[in-house]
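Below: one structure, written as structure tokens.
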Amino acid sequence: MNAIIRGKPDNLDEIGLRFDRATLSTPVYLNSVPKAGTHLIRNILRMFVAPEQHWRREYIQHAILRQYAADAFSAARPMISWGHMLFSDESAIALRDVRHIVLVRDPYDWVLARARFYLSDEFQGNLNHIKNGGAAIEDVIMMMILGAHGRVPDLKDIFSMNAVAWMGSSAVIVRYEDIVDSLNDLGSKRAEAFFGKLLADCGLDLPADWRDRVEAGADRRESRTASENLNITAELPKTLSDVHKRVVDFHAPGLRALLGYA
């Protein structure tokens, strides 16, 4: 699928200058289910890692893995990079010695996040014809669950290859909702433990000013894909309907439980 993602550029490189950021000794790859909150975890961790170790090129995905693996995952020149990497023999080999974080999201909420993205002006791709009321919202939601024939994959396929397959590996699974809950309770010991573990999984210590860094990186005004920064061409419900939830459960039985949501 050829797609163009438009939107405001962030200002986090300049914001991060006020922090004394650490140097990675091992490459880190932030993998995620697409539309699970990639920008959020990436932008937070940018506030902790030296800027010269930030991956500056396109998201690393399976289709371009051979092109970038040697640079992004080099033990001699450690980088923090990001993308949506499905499980395969090639990706397993490429990520063998990399600190690998996999971000997931509750499939019920993910369906709406995915629909919101496809219906936004910022996304330009092969589903443009469903925008501006081209397809009923209920049908768009069904496309996000079951896929659109010949155009976009279904929910089960995406979660199976981008998340579930990595669960039996050394990858660390992080839930989007746990990041959000910790952000909403940043002064708590629970939040300190959560971000301390996340940083440790990336090979980093928790600095004294970690809360300031997290707040800076999580600023939604700096994320081009935050819902309020997208121009949505049709109105979507706030929560998934009971019928659509049942369809998710029929289509991918046991998935939510496996990811820790049920």
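The values are calculated or read from the model by the stated rules, or taken from the named source; none is laboratory data. Remember, it's a predicted structure, so these values are computed and weren't measured experimentally. Note that we place each Cβ from the backbone using ideal geometry, even for glycine, and neighbour counts take in every protein chain shown.
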Q.
Six or more apart or on different chains, Cβ atoms under 6 Å: show the pairs whose first residue is in segment 42-66 and more than 12 Å from Leu12 (Cβ to Cβ) and whose second is loosely packed, with under 13 Cβ neighbours inside 10 Å.
A. Ala50/Thr23
Q) Of all residues in segment 61-94, how many are touching a helix residue (DSSP H, G or I) at 6+ places or on another chain (Cβ under 7 Å), closer than 25 Å to Arg213 by Cα and aliphatic (A, V, I, L, M)? A) 2
Q: Pull up segment 25-36, narrow it to residues that are of a type outside the set (Val, Ile, Thr) and surrounded by 20 or more Cβ atoms within 10 Å (Cβ to Cβ), then point me to the one that is farthest from Ser160 (Cα to Cα).
A: Pro27
Q. For residues in segment 1-37 being acidic (Asp, Glu) and at pLDDT below 95, which is nearest to Ile80 (Cα to Cα)?
A. Asp13
**Q.** Tally, over segment 78-108, of residues that are in contact (Cβ under 8 Å) with a residue 24 or more places away in the chain, out of contact with any Ser or Thr (no Cβ under 7 Å at 6 or more places or on another chain) and charged (D, E, K, R)
**A.** 4
Q: Working only within segment 230-262, note down all residues that are in a helix (DSSP H, G or I) and in contact (Cβ under 8 Å) with a residue 12 or more places away in the chain.
A: His244, Lys245, Val247, Val248, His251, Leu255, Arg256, Leu258, Leu259
Q. Hey, among Leu65, Leu40, Leu45, which residue is at pLDDT 95 or above, assigned to a helix (DSSP H, G or I) and in contact with an Asp or Glu (Cβ under 8 Å, 6 or more places away or on another chain)?
A. Leu65
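Quick grid of which residues meet (1) touching a helix residue (DSSP H, G or I) at 6+ places or on another chain (Cβ under 6 Å); (2) among the aromatic types (Phe, Trp, Tyr); (3) under 23 Å from Gly83 (Cβ atoms):
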| site | (1), (2), (3) |
| --- | --- |
| Met161 | no, no, yes |
| Trp166 | no, yes, yes |
| Leu186 | yes, no, no |
| Arg190 | no, no, no |
| Gly196 | no, no, no |
Q) Just one of the numbered conditions (1) modelled with pLDDT of 95 or more; (2) touching a Lys or Arg at 6+ places or on another chain (Cβ under 8 Å); (3) buried (at least 17 other Cβ atoms within 10 Å of the Cβ) is not true of Asp201; which one? A) (3)
